[in-house]
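What follows is one structure encoded as structure tokens, with my remarks underneath.
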Amino acid sequence: MTGLLLLLALASPSPTPAPAARIVKLTADLPDRSVVLVTLQARGKVQKLKDFAKQKLYVGTNPINLPGSPDVSLTGDGFEARFQLPYASVPEAVLSHDPHALPLRWEALDASGKPVLAAEGSVDLGDPGQVSFSPRRAYELFARLDRLQLAPGLAQVGFSALLSLYNPFSFELVVKRIEYEVKVGETTLLSANRPGMRLRPGRANDVLLEQEVPLASLGGAVQSLLNNPSVDFSGRLVLRTPTGDQVIPLQFGSH
């Protein structure tokens, strides 16, 4: 997920007068490339909703001020909070966290800045039971594969494609390499990788993928290609972070 990565930031929580509810699920709607709309479901005892003035989101040790006043409603076993998270407000420090164990905290504040309602928990962005979003919509906004071509020659097959990656954040993303595989049905046509690059903030970054494969090495893939000219492209971005590499899968299906 895509990309949800790609969805949160870091912060150090303030003390609250009552224990925080437990985050049980996040739902992310992706209207455009500037903001993600988050619905946070929390489970815990809430006596009543008070007057809220502001809200903050925390991941780890650094806060993010969220726009607008808290939009909160009670549920049978807790509450739901809905808020907008602009991608540009996400700090680069979010890359230091394991996306499969993100420590999150959301707070609603009164007019004096005192937290009066909170929810916290560790969230696995790769678990659809905890985080729900549309991968198809994420690809539409942030990753495209165009101009995929196979050019058979006398001694080799040439592959080329244009991969477009949009970085919605206010900081550069450093990709160490792009690994990819092209298959015809169940037969692998080629496996390759491209050297690293920097994804500039707030814009689309185009990456040209090219590879020549000797016909002698293809074996049965040649016949598969003749019988079924559509190909499947899959791969992964290896992203550099302060705490090690993070892998973002790419899956574009048949072309």
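The values are calculated or read from the model by the stated rules, or taken from the named source; none is laboratory data. The structure presented is a predicted model; accordingly, all values stated were derived computationally and were not measured. Cβ atoms come from the backbone with ideal geometry, glycine included; neighbour counts cover every protein chain shown. Ligands, DNA and RNA are excluded from the accessible area calculation, which covers all protein heavy atoms including side chains. Shrake-Rupley method; radii C 1.70, N 1.55, O 1.52, S 1.80 Å.
Brief remarks follow.
Yes/no matrix, rows are residues, columns are (1) open to solvent by less than 30 Å² (accessible area, probe 1.4 Å); (2) part of a helix (DSSP H, G or I):
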{"site": "Leu104", "(1), (2)": "yes, no"}
{"site": "Glu107", "(1), (2)": "yes, no"}
{"site": "Ala111", "(1), (2)": "no, no"}
{"site": "Leu117", "(1), (2)": "yes, no"}
{"site": "Glu120", "(1), (2)": "no, no"}
{"site": "Pro128", "(1), (2)": "no, no"}
{"site": "Arg137", "(1), (2)": "no, yes"}
{"site": "Leu145", "(1), (2)": "yes, no"}
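- In the range 28-57, the residue that is least open to solvent (accessible area, probe 1.4 Å) out of those that are among the acidic types (Asp, Glu) and within 30 Å of Glu140 (Cα to Cα) is Asp32.
- For His100, the conditions (1) in contact with a Leu (Cβ under 6 Å, 6 or more places away or on another chain); (2) closer than 28 Å to Asp232 by Cα; (3) not aliphatic (A, V, I, L, M) all hold with the exception of (1).
- Residue count for the range 81-102 satisfying the condition of being open to solvent by less than 50 Å² (accessible area, probe 1.4 Å) and of a type outside the set (Ser, Thr, Tyr): 13.
- Identity of the residue in the range 159-205, among the small types (Gly, Ala, Ser) and within 17 Å of the chain's Cα centre (by Cα), that ends up nearest to Ser89 (Cα to Cα): Ser170
- Note on the range 74-90: residues that are touching a strand residue (DSSP E or B) at 6+ places or on another chain (Cβ under 6 Å) and over 23 Å from Pro128 (Cα atoms) total 1.
- Summed over the range 63-80, the residues that are farther than 17 Å from Val24 by Cβ and open to solvent by 60 Å² or more (accessible area, probe 1.4 Å) give a count of 5.
- Given (1) aliphatic (A, V, I, L, M); (2) open to solvent by less than 30 Å² (accessible area, probe 1.4 Å); (3) in contact (Cβ under 8 Å) with a residue 60 or more places away in the chain; (4) assigned to a strand (DSSP E or B), number of the condition Leu150 does not satisfy: (2)
- Among the candidates Ala101, Ala93, Ala88, the residue that is without any contact (Cβ under 8 Å) to a residue 40 or more places away in the chain, under 30 Å from Leu163 (Cβ atoms), of a type outside the set (Lys, Arg) and touching a Ser or Thr at 6+ places or on another chain (Cβ under 9 Å) is uniquely Ala101.
- Test set (1) of a type outside the set (Ser, Thr, Tyr); (2) in contact with a Lys or Arg (Cβ under 6 Å, 6 or more places away or on another chain); (3) open to solvent by less than 40 Å² (accessible area, probe 1.4 Å) - Ala192 fails condition number: (2)
- Selection count, the range 195-215, where residues are farther than 30 Å from Asp32 by Cβ and crowded, with 16+ Cβ neighbours inside 10 Å: 2
- If you go through the range 154-172 and keep only what is open to solvent by less than 50 Å² (accessible area, probe 1.4 Å), more than 20 Å from Gln251 (Cα to Cα) and modelled with pLDDT of 85 or more, you end up with Phe169, Phe171.
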